[in-house]
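A.B. asks: Take a look at the following structure, please.
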Amino acid sequence: MSQMTDSHRLFLQAFMSRGILDAKEVKSLFRTSCEKFKTFIADNEEERRHQLTEFVITINNNIKPFHMEIKKGVSEEDGSNYYGLVNISESSITLLASDFTTNELDLFKKLVESIVDSDTGSVGSTDAINLVETLDKKMTRNDAQELLKKLESNKWIKVMNGQVSLATRAILELEQYIFDMFPAIATRCNMCKKLCLKGQSCDSCPVRLHFHCASKFFSRQEVPKCPASDCKSPWPRALPRKDTDQPISSQTDASSGGTSTQTRKRKAKS
Amino acid sequence: MPGGQYLIQLDLLFDIWLILIIRAKDRDGTTSSQAAGASQTMNQAVKAAASMDRGEMERKTNDLVQYLLIMDQKKIPIKKQDINKHVLKDVSKAFPIIFEKATERLSKIFGVEVVELQDKLKGSYILVNKLDVGEHNPAEIWPDEENAKTGLLMVLLSLIFMNGNVMEDTQMWHTLKKFGIEQDHHHEVFGDVKKLITQEFVRQGYIEIVRQTNTDPPVNEFKWGQRAKHETTKRKVLTFVCQIYNNDMEPRQWTLQWQDVLRSEGRQDDVEQVI
Ligand SMILES: [Zn+2]
Ligand SMILES: [Zn+2]
């Protein structure tokens, strides 16, 4: 196993302090980490990408015994790439625990559950705050409001147009936890096989697709059809533009949300 | 330094926000184990460790590394008794051995050093970054979400240092007022700023507040806490202050403080030359 150098350590420390970085930030962090400690860095773009991959593999091999990993994730909003430092032990949610009290953590778990249970991958912020009523220990609405702010600033959740959803960092970190805890309601994207909270659903079968996966998939088809081989129903959804950096418009969101009353809602494992 | 004339001006406040944690280069002295009276404990530890199989030793060591990293995010010193209670449990007799191994891994893989605090904080540990990232632009490589808090902390540490390593609380609050920080007013960035300064920073070990009872009425004095002494140096703080002056001042122009810097670096001979 390759040894860590100071460049690796600096790179890792930035991940520990930030939690998640986008692809561009990772590249510039890689450059800075190498330059700071006079580590060779290739001029050639292709070579440099290869070097970065090796670099991350070395770090991952070294931090694996501590149940940590630098993992690549894709934003459910726009399909852009992110890299996050995640905890891969069974008790994934422990990493969050350091920053939060048990009661706050309970509220966050309830929030995760209702987001997973929703068809849009989001819940209204008032509904989110009302979750305090379901807690065993008392929490005021004000405290819940503060907690949402804290979760947002730590990049665990996203709040947009009064809707709360899980940010890429939370999905990276909690994907396994979500599948373990809510096996009946957590769905995988039919294309990339990863957890799918925000996306489009088939009208006739349980298939779900991320927006960015759908646009990639349907770009090759003239008449969009459900990808499931035993379904092939027409896919009458507005398709997001391909390779866009913009978040998918709220209109598209609403149109996919329109299929809401499907049979997806079942009870979570308790 | 002439009384009442403080270094940091309101219009420079913004620059300060941008200056981030200047992590430790200060690695002198403190080691994580204490030699005195330890041989008895050490014998027990060796015995306890010998009775563990290799897999268990590995697991406990790695759990401890993970625990220390997670707990350090709160920036609150980690107590030995909590390590025993939450991680080592039935093998807590082997503490010194497992702790040593965990310390080694933290250094080799993460580039952080475990430091035991002293005096009444004995038996508590903090993690200190030991990568030498140089003097300038920590912002670029060490982006910190708690930017503003760190800025405020640097202001406090600077004020204390420039004032001769101690500052009375009335004087401190009077000065902070110029930054729009008042102890009984809700601050739009920091919220309850009094609590932040007198509780959070104190608990984290950045600031120490000492009550002087030999005056009437008794006064509280602000000093650097132990974590501050490990995470930064007097030289860095003086450099920071000079930067705020747009580099119009050289560190050595602050004669008293410059002597203090040299003394803190164990350069007594140079101090005499300055005088
Ligand atoms: Zn997908
Ligand atoms: Zn279908």
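The values are calculated or read from the model by the stated rules, or taken from the named source; none is laboratory data. Everything numeric in this text was worked out from a predicted model, so none of it was measured. So basically every Cβ, Gly included, is an ideal-geometry build from the backbone, and we count neighbours across all protein chains shown. Ligands, DNA and RNA are excluded from the accessible area calculation, which covers all protein heavy atoms including side chains. Shrake-Rupley method; radii C 1.70, N 1.55, O 1.52, S 1.80 Å.
A.B. asks: How many nm separate the modelled label positions at A:F179 and A:R31, each set 7 Å beyond the Cα in the direction of the Cβ?
C.D. replies: The two pseudo-label positions are separated by 3.6 nm.
A.B. asks: Work out how far the C-alpha atoms of the stretch A:1-135 reach from end to end along every principal axis, then list the three figures in whole Å, largest first.
C.D. replies: Principal extents (Cα only, largest first): 56, 31, 22 Å.
A.B. asks: Quantify how strongly other chains surround peptide A:155-163 by giving the mean number of their Cβ atoms within 10 Å of each of its Cβ atoms.
C.D. replies: Taking the mean over all residues of the peptide, I get 0.
A.B. asks: Evaluate the distance, in nm, between pseudo-label points positioned 7 Å from the Cα of A:Q221 and of B:E100 along their respective Cα→Cβ axes.
C.D. replies: The answer from the label model is 6.5 nm.
A.B. asks: Mind giving me the FRET efficiency for B:S51 and A:I88? R0 is 25 Å, r the Cβ-Cβ distance, nearest 0.05 is fine.
C.D. replies: Given R0 = 25 Å and the Cβ-Cβ separation, E is 0.25.
A.B. asks: Rounded to the nearest 10 Å², what accessible area does A:C231 show when all protein chains are kept and the probe is 1.4 Å?
C.D. replies: Probe radius 1.4 Å; accessible area of A:C231 about 30 Å².
A.B. asks: Further question on the same structure: Nearest 0.05, what FRET efficiency do A:I41 and B:Q73 give at R0 = 25 Å with Cβ-Cβ as r?
C.D. replies: Here the calculated transfer efficiency is 0.25.
A.B. asks: Pairs A:K158/B:K75; B:K79/B:K177; A:K158/B:K101; A:K64/B:K47; B:K89/B:K223: which are spaced more than 32 Å apart, C-alpha to C-alpha?
C.D. replies: B:K79/B:K177; A:K158/B:K101; B:K89/B:K223
A.B. asks: Order A:E133, B:E188, most accessible first, counting only protein heavy atoms with a 1.4 angstrom probe.
C.D. replies: Greatest to least solvent exposure: B:E188, A:E133.
A.B. asks: Past the 27 Å Cα-Cα mark, which pairs from A:K149/B:K120; A:K150/B:K194; A:K137/B:K149; B:K108/B:K229; A:K71/A:K149?
C.D. replies: In this structure, A:K149/B:K120; A:K137/B:K149 lie more than 27 Å apart at Cα.
A.B. asks: Moving on. Can you give me the distance in nm between label points at A:N130 and A:N60, each placed 7 Å from the Cα along the Cα-to-Cβ direction?
C.D. replies: So the two model labels end up 4.2 nm from each other.
A.B. asks: Let me confirm one metric for peptide A:5-17, namely the mean number of other chain beta-carbon atoms within 10 Å of its residues' beta-carbons.
C.D. replies: Per-residue shielding by partner chains comes out at 4.
A.B. asks: If you don't mind, another one. At a Förster radius of 56 Å, what calculated FRET efficiency corresponds to the Cβ-Cβ distance of B:R203 and A:C205, to the nearest 0.05?
C.D. replies: Rounded to the nearest 0.05, the efficiency is 0.50.
A.B. asks: Per residue of A:58-66, count partner chain C-beta atoms within 10 Å of its C-beta, then hand back the mean as an integer. The partial results should precede the final answer.
C.D. replies: On the way: counts 0, 1, 0, 0, 4, 6, 1, 9, 14.
That average works out to 4.
A.B. asks: For A:N103 and A:D143, calculate 0.36 nm times their separation in residues minus their Cα-Cα distance, and state this gained length in nm to one decimal. Numbers along the way, then the final one.
C.D. replies: Values: separation 40, 0.36 × 40 = 14.40 nm, distance 1.07 nm.
Length difference between fully extended and current span is 13.3 nm.
A.B. asks: Leaving ligands, DNA and RNA out of it, work out the accessible area of B:S51 with a 1.4 Å probe and give it in Å² to the nearest 10.
C.D. replies: Using a 1.4 Å probe on the heavy atoms, I get roughly 100 Å².
A.B. asks: Using only the Cα atoms of the stretch A:152-198, construct the convex hull and provide its projected area averaged over every direction, in square nanometres to one decimal. Each step should come with its number before you reach the end.
C.D. replies: Working: hull surface 15.0 nm².
Directional mean of the projected Cα hull area for the stretch A:152-198 stands at 3.8 nm².
A.B. asks: Further, regarding this structure: Using only the Cα atoms, work out Rg/Rh for the stretch A:6-66, with Rh taken as the Kirkwood radius, to two decimals.
C.D. replies: Reported Rg/Rh, Kirkwood definition of Rh: 0.94.
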